[in-house]
Amino acid sequence: MKGDGAMGPNRSKALLEREPRFDDMAVSLLAMPRLPKAMVKETKQAVELARRFNDTVVRPYALELDRKKHEDPDFLPWEFVEEANRWGLYTLCIPTLFGGQGVNFPALSYVLEELGSACTGMSNLVGVHYLGVATLCASWNMRLMNKVMRDTAEGEKTGEPCLISLAITEPGAGTDVEEVDLVSKAQVACQAKKVKGGYVVNGRKIFISNGHLSYWHMLVCYEDLKNPQDTVIMLAIHNGMKGFSFGRQERKMGQKGCPASELIFEDCFVPDDLVCINPAQGKKLKRSMKETHMQVIDYIVAASRAGVGAFGVGVARGAYEEALRFAGETEVDGKLLINHEWAQCMLAEMYKNVAVGRLTYEEANYANDLLGMFKVLEWKPIFYYLKYMPKPIMDKVIQPFLNLGAVTWLFRKIYFDWQKETDYQCSSGWGSLSKFTATDIGVKNGQLALEMMGRAGLRHDRGAEKHLRDSKLLQIYEGTNQLNRLNLFKCLIGRDVPGARVFEE
Ligand SMILES: Cc1cc2nc3c(=O)[nH]c(=O)nc-3n(C[C@H](O)[C@H](O)[C@H](O)COP(=O)(O)OP(=O)(O)OC[C@H]3O[C@@H](n4cnc5c(N)ncnc54)[C@H](O)[C@@H]3O)c2cc1C
């Protein structure tokens with residue numbers, strides 16, 4: 001029998017006495033005093049830039065791109081990518097150490113919200129590049145981080161965009177590759193076999209955002225397909241490598257502007273110097289490769305799910321703004337809709353949804369600042385050192401040191417060996433909380449906007465139906481919202497509850 005009695009007195013006592021950890025419940029309170037003040041001004045400037053970009057580029061083009069892509073699914077929005085590159089959006093949050101502009105990473109969420117309020121597809125055309133950046137950074141291979149991110153900086157100077165994508169999803173493995181306890185049950189088929197001087201890769205990746213538009217691709221594959229959790233390997237692939245080609249683009253219901261690409265590997269040789277991390281390097285770390293694998297995933301998703309949360313808030317805001325505009329210009333029953341109480345209640349609900357969603361991605365970013373991927377960059381001495389160090393000194397004096405193995409060793413000590421499990425679980429849990437809360441809110445506001453607008457909401461030229469179509473995809477990528485709920489349970493609830501098991505065999 002499984003009931004109260006069956007739990008036994010000790011376990012039920014432990015459950016009742018369990019109090020939330022202070023660092024889980026008040027991560028923003030703990031983070032705020034430690035963060036550099038200059039982050040506020042930087043963030044404000046980044047939001048202003050995004051608003052100008054929206055007015056000049058995104059809004060005038062959003063519906064046209066959606067239509068173009070609907071009519072020609074193979075169309076690639078190079079014009080937009082080149083424009084975003086000219087505006088500096090692809091180097092905005094790349095640290096100055098690697099040739100970027102060095103705006104703090106949490107500022108990116110506010111930028112993505114702004115862009116997403118006008119067009120989530122275009123917001124993804126910018127945002128998913130930073131998913132590639134986050135994946136590259138999660139290996140803490142400083143030499144490769146320097147090489148790849150400097151290519152993006154160079155691409156800004158030359159006007160040839162150099163974007164980075166993340167390729168992890170396969171035809172037989174989606175949500176499960178984002179959780180180490182599930183990957184062993186997934187049907188992974190993308191394999192990297194060790195050969196002299198490198199690896200030979202075979203397999204396919206699908207649904208890779210920006211795939212066709214990116215030059216670099218962070219490829220997650222496995223040495224042993226029967227034991228993927230212990231043999232994960234991350235490679236940096238670039239266009240033009242022999243054996244690497246693009247397949248089809250998916251035909252999707254929303255975010256049409258952002259391609260979801262198939263990447264094909266047929267005996268693709270990848271030299272050793274493009275290995276971000278592999279089991280041989282993992283052996284030098286304190287934890288097992290399986291645990292390191294989970295740490296890498298947690299660093300990536302804790303940061304990227306806050307970004308997807310920001311997309312959710314953006315699309316929720318876009319829908320709210322359409323509904324507000326409609327209510328302010330439409331007469332119903334002899335008076336403006338906005339003066340009907342029911343409409344005011346609906347608009348208040350939508351406004352609340354936006355505000356609550358924003359709080360979740362802010363909290364997730366505080367967790368990343370304090371305990372996750374950004375903790376070194378946003379440590380005051382490092383932050384100001386990178387901000388005010390003259391560029392020529394950074395490029396000529398500091399940069400060569402990044403190629404030293406000792407620098408990668410130090411960063412891996414900080415981020416892997418010296419990192420507490422509860423710390424990376426805290427940021428991962430908050431990332432999931434933001435992801436499913438804010439994206440559910442995005443869909444909810446899309447529905448409310450259409451409910452309020454009647455037939456006008458269904459018209460392509462109003463934009464409201466596009467927000468609803470765009471929002472649905474957010475509930476699926478970066479792990480479905482169901483999986484994110486399970487991850488929250490695992491990271492913030494279950495770990496302290498005796499007997500609780502998540503992702504069990
Ligand atoms: C527009 C778009 C862009 C994308 N971009 C990228 C990208 O850039 N790079 C990349 O690598 N991938 C990308 N993806 C893939 C994306 O991350 C996966 O689609 C996502 O993780 C969900 O996986 P899946 O589609 O295979 O669904 P599945 O994992 O097959 O899920 C199907 C259903 O089963 C449920 N489920 C799955 N596992 C469990 C479990 N253990 N317990 C309970 N329920 C479970 C899910 O919640 C869902 O309801 C993208 C996807 C989309 C739609």
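Assuming R0 = 45 Å, can you tell me the calculated FRET efficiency for the pair residue 382 and residue 455, based on Cβ-Cβ distance, to the nearest 0.05?
It comes to 0.25.
Over what distance in Å are the Cα centres of region 157-214 and region 311-389 separated?
Distance between centres, Cα-based: 32 Å.
Determine the calculated [θ] at 222 nm for the chain from helices alone, applying -39500 (n - 2.57) to every DSSP H run no shorter than 4 residues and normalising by the residue count; nearest 500 deg cm²/dmol.
Helix-only estimate at 222 nm: -16500 deg cm²/dmol.
If each residue of separation counts as 0.36 nm, what is the full-extension length gain between residue 288 and residue 40 once their alpha-carbon separation is subtracted? Write down the numbers at each step before the final one.
On the way: separation 248, 0.36 × 248 = 89.28 nm, distance 3.90 nm.
Result for the pair: 85.4 nm of gain on full extension.
Can you give the net charge of the other residues whose Cβ lies under 14 Å from the Cβ of residue 400, counting K and R as +1 and D and E as -1?
Charge balance near residue 400 sits at +3.
Compute the distance in nm between two label points, each set 7 Å from the Cα along the Cα-to-Cβ direction, one at residue 227 and one at residue 341.
Going by the 7 Å Cα→Cβ label model, 6.9 nm.
Tell me, how many Å apart are the Cα centres for region 245-262 and for region 390-464?
About 21 Å separates the Cα centre of region 245-262 from the one of region 390-464.
So what does the Cα-only Debye profile of the chain read at q = 0.11, 0.13 Å⁻¹, as log10 I(q)/I(0), no solvent term?
Log10 of I(q)/I(0), two decimals: -0.93, -1.29.
Which lysines, on any chain, are close to residue 196 with Cα under 20 Å apart, when same-chain ones fewer than 8 places away are left out?
242, 283
Measure off 7 Å from each Cα along the Cα-to-Cβ vector at residue 351 and residue 476, then give the distance between these two points in nanometres to one decimal.
Taking the two extended label points, one gets 3.4 nm.
Using packing as a proxy for protection, rank 459-469, 190-200 so that the peptide with the highest average count of other Cβ atoms within 10 Å comes first.
Details: 459-469: 19.6, 190-200: 16.4.
My ranking of the peptides, most packed first, is 459-469, 190-200.
Pick out the long, greasy-scoring helices in the chain: whole DSSP H runs spanning 30 Å or more along their own axis by Cα, mean Kyte-Doolittle at least 0.0.
Qualifying helices: 289-329.
Mind giving me the FRET efficiency for residue 330 and residue 67? R0 is 25 Å, r the Cβ-Cβ distance, nearest 0.05 is fine.
0.50
Among residues other than residue 101 whose Cβ falls under 11 Å from its Cβ, what is the net charge (Lys/Arg +1, Asp/Glu -1)?
Residues close to residue 101 contribute a combined charge of 0.
Can you compute the label reach from residue 160? Point 7 Å from Cα along the Cβ direction, backbone N cut-off under 16 Å, restricted to region 86-119.
86
Pull up the cross-link candidates among the lysines for residue 286, meaning alpha carbon to alpha carbon under 19 Å and not fewer than 8 places away within one chain.
413, 420
Quick check: Cα centre of region 472-505 to Cα centre of region 110-143, how many Å?
So the two Cα centres are separated by 23 Å.
Can you flag which of 226/290; 205/290; 205/284; 194/284; 37/147 are past 20 Å Cα-Cα?
205/290; 205/284; 37/147
Taking the Cβ of residue 294 as the center, what net charge do the other residues with Cβ under 11 Å away carry, scoring Lys and Arg +1 and Asp and Glu -1?
Spelling it out: positives minus negatives among the neighbours equals -3.
All of the numbers you see were taken from the coordinates with simple rules; none came from a lab. The model shown is predicted, which means the values in this text are computed figures rather than measured ones. Neighbour counts run over all protein chains shown; Cβ positions are idealised from the backbone, glycine included.
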